[in-house]
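Peer 1: The structure under discussion is supplied below as structure tokens; questions concerning it will follow.
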Amino acid sequence: MRVITSTSALSDTCSRLAAGEYVAVDTEFMREQTFWPDLCLIQLAGPKEEVIVDPLAAGIDLKPFYALMADRRVVKVFHAARQDIEIVYSEAGLSPAPVFDTQIAAMVCGFGESVSYVNLVKKVTGRDLDKSSRFTDWSRRPLSDKQLTYAIGDVTHLRDIYTHLKAELEITNRESWLDEEMAELTAPATYESHPENAWQRLKMRVKNRKALAVLIELAAWRERLAQGQDVPRGRILRDEALYDIANQQPTTPEKLSELRTLSDGFARSQRAKEIIEAVQRGLERDPKSLPALPHNQPMSAEATATIELLKVLLKASAARHRVAPRLIADADDLERIASEAEPDVPALKGWRRQLFGEDALKLKRGELALTLSKGEVLAINPGDR
């Protein structure tokens, strides 16, 4: 295999790859000690060649690689692309396009939910992959031949998988289904990191709207600090401490020192002062500017029964059309369909509505019934029974 360590070699390689229909891409990175992922290795494979790019090589400029990622004439093939795209976006400010994610395509083609690369290679090519180097420290140099062989295998087999799944999508006329998924996956908004929205990734362990306001301010403060110092969020303040502060709302160092989730002496630190200021900003927020708190009330018996029927219908629809159930609808979709008059959920849009959504609404209205015939769940008109 060829390892690229210079800008000129990278430029020449990317020019050749840009002449092909597609390029398979994978990255290796480290982020255990940082906020932003540290790009350590790039693997590329076109129809006729495959290479490894060393981003840590002295003097190398990755602009040719990013130009290839932005070239809309070339399909970028990834497996489970989100983290790879996140790296490209954080490093170059662009989202690769067009993209073909083989994990999502496999779900569309009936290979199951979130199928791993190893299992997909086995199912499509019959080959077994050695994953013993999976947890390598990719930032260390030099890399062994075994590590490089493992790395390049993440794109060489991807070519066969892409060809197989692309043909399957064409045969079943499901290319547009994948296009819908790729549009969301590659949208820049998916990868933009705004501190004021950091609270959305947290579990809502707050008691009331005032606590929510404080949590929003605390999460934004932590996000800005973690980004600026390039350290994991937990290095600034653990989630448990965020929830504790949001619920207790200490406005003095003395009150802050009483919290068990903070270490002794923390209340006298500079960060303690900043936390108190964040708490005060939260308490001063207009309640009308806050999002609604999720309702933790138990669902009605009718809604609970409807959800169970929807689960059966979902599994039946997925099996009949050979699509992974989770790709059609998730648990939140089912709950909202069962409990809301006009739920705005993905399951009721596009191809999902055709496969499942319309029948789900009919089932909820009593216009559809489920029956078992020869071991298969069928949806029928109640009057036909």
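The values are calculated or read from the model by the stated rules, or taken from the named source; none is laboratory data. The model shown is predicted, which means the values in this text are computed figures rather than measured ones. Positions of Cβ are generated from backbone atoms using ideal geometry, with glycine treated the same way; all protein chains shown enter the neighbour counts. What goes into the accessible areas is simple: the full protein's heavy atoms, side chains included, and nothing from ligands, DNA or RNA. Shrake-Rupley method; radii C 1.70, N 1.55, O 1.52, S 1.80 Å.
Peer 1: For the stretch 141-189, how many residues meet the condition of being hydroxyl-bearing (Ser, Thr, Tyr), surrounded by fewer than 19 Cβ atoms within 10 Å (Cβ to Cβ) and in contact (Cβ under 8 Å) with a residue 60 or more places away in the chain?
Peer 2: 4
Peer 1: I've got another one for you. For the stretch 86-105, name all the residues that are at pLDDT 95 or above and touching a strand residue (DSSP E or B) at 6+ places or on another chain (Cβ under 7 Å).
Peer 2: Result: Ile87, Pro96, Pro98, Val99, Phe100, Asp101, Thr102.
Peer 1: Residues that are at pLDDT below 95, part of a loop (DSSP other than H, G, I, E, B) and touching a Pro at 6+ places or on another chain (Cβ under 9 Å): does the stretch 60-74 have at least one?
Peer 2: Step one: filter the stretch 60-74 for residues at pLDDT below 95, giving none.
Looking through the stretch 60-74, none of the residues is at pLDDT below 95, part of a loop (DSSP other than H, G, I, E, B) and touching a Pro at 6+ places or on another chain (Cβ under 9 Å).
Peer 1: Please determine whether any residue of the stretch 244-253 is part of a loop (DSSP other than H, G, I, E, B) and touching a Leu at 6+ places or on another chain (Cβ under 7 Å). Show your work before the answer.
Peer 2: Residues of the stretch 244-253 part of a loop (DSSP other than H, G, I, E, B): 249-252.
Restricting the remaining residues to those that are touching a Leu at 6+ places or on another chain (Cβ under 7 Å) gives 249-250.
Within the stretch 244-253, one or more residues are part of a loop (DSSP other than H, G, I, E, B) and touching a Leu at 6+ places or on another chain (Cβ under 7 Å).
Peer 1: Just to be sure I understand, how many residues within the stretch 336-358 are closer than 14 Å to Ala318 by Cβ and open to solvent by 40 Å² or more (accessible area, probe 1.4 Å)?
Peer 2: Residues that pass the stated criteria total 1.
Peer 1: Among the residues of the stretch 5-48, which ones are among the β-branched types (Val, Ile, Thr), closer than 26 Å to Asp137 by Cβ and touching a residue at least 24 places away in the same chain (Cβ under 8 Å)?
Peer 2: Once the filter is applied, which keeps residues that are among the β-branched types (Val, Ile, Thr), closer than 26 Å to Asp137 by Cβ and touching a residue at least 24 places away in the same chain (Cβ under 8 Å), the stretch 5-48 yields Thr5, Thr7, Thr13, Val25, Thr27, Thr34.
Peer 1: For the stretch 333-357, name all the residues that are without any contact (Cβ under 8 Å) to a residue 40 or more places away in the chain and closer than 17 Å to Trp177 by Cα.
Peer 2: Correct list: Val345, Pro346, Ala347, Leu348, Lys349, Arg352, Arg353, Gln354, Leu355, Gly357.
Peer 1: Being in a strand (DSSP E or B), open to solvent by less than 70 Å² (accessible area, probe 1.4 Å) and not charged (D, E, K, R) narrows it down to one of Ala379, Ala318, so name that one.
Peer 2: One residue alone meets the criteria, Ala379.
Peer 1: Residues of the stretch 40-53 being open to solvent by less than 20 Å² (accessible area, probe 1.4 Å) and either among the aliphatic types (A, V, I, L, M) or part of a loop (DSSP other than H, G, I, E, B) (or both), which ones?
Peer 2: Leu41, Ile42, Leu44, Ala45, Gly46, Val51, Ile52, Val53
Peer 1: Return a yes/no flag: does the stretch 280-289 have any residue that is in a helix (DSSP H, G or I), among the small types (Gly, Ala, Ser) and open to solvent by less than 40 Å² (accessible area, probe 1.4 Å).
Peer 2: Yes, that holds for at least one residue.
Peer 1: Please tell me if Arg127 is open to solvent by 50 Å² or more (accessible area, probe 1.4 Å) and over 26 Å from Leu327 (Cβ atoms).
Peer 2: No.
Peer 1: Moving to a separate point now. Enumerate the pairs (first residue in the stretch 65-80 and on the phi > 0 side of the Ramachandran plot and open to solvent by 40 Å² or more (accessible area, probe 1.4 Å); second residue anywhere and outside any helix (DSSP H, G or I) and not hydroxyl-bearing (Ser, Thr, Tyr)) with beta-carbon separation below 9 Å, excluding pairs fewer than 6 apart on the same chain, so at least 6 apart or on different chains.
Peer 2: Matching pairs, first to second residue: Ala80/Asp101.
Peer 1: Looking only at the stretch 97-123, count every residue that is among the β-branched types (Val, Ile, Thr), part of a helix (DSSP H, G or I) and surrounded by 20 or more Cβ atoms within 10 Å (Cβ to Cβ) and tell me the total.
Peer 2: Of the residues in that region, 4 qualify.
Peer 1: For the stretch 1-37, name all the residues that are among the acidic types (Asp, Glu) and modelled with pLDDT under 95.
Peer 2: The first filter runs over the stretch 1-37 and keeps only residues among the acidic types (Asp, Glu), leaving 12, 21, 26, 28, 32.
Listed by number, the list holds a single entry, Glu32.
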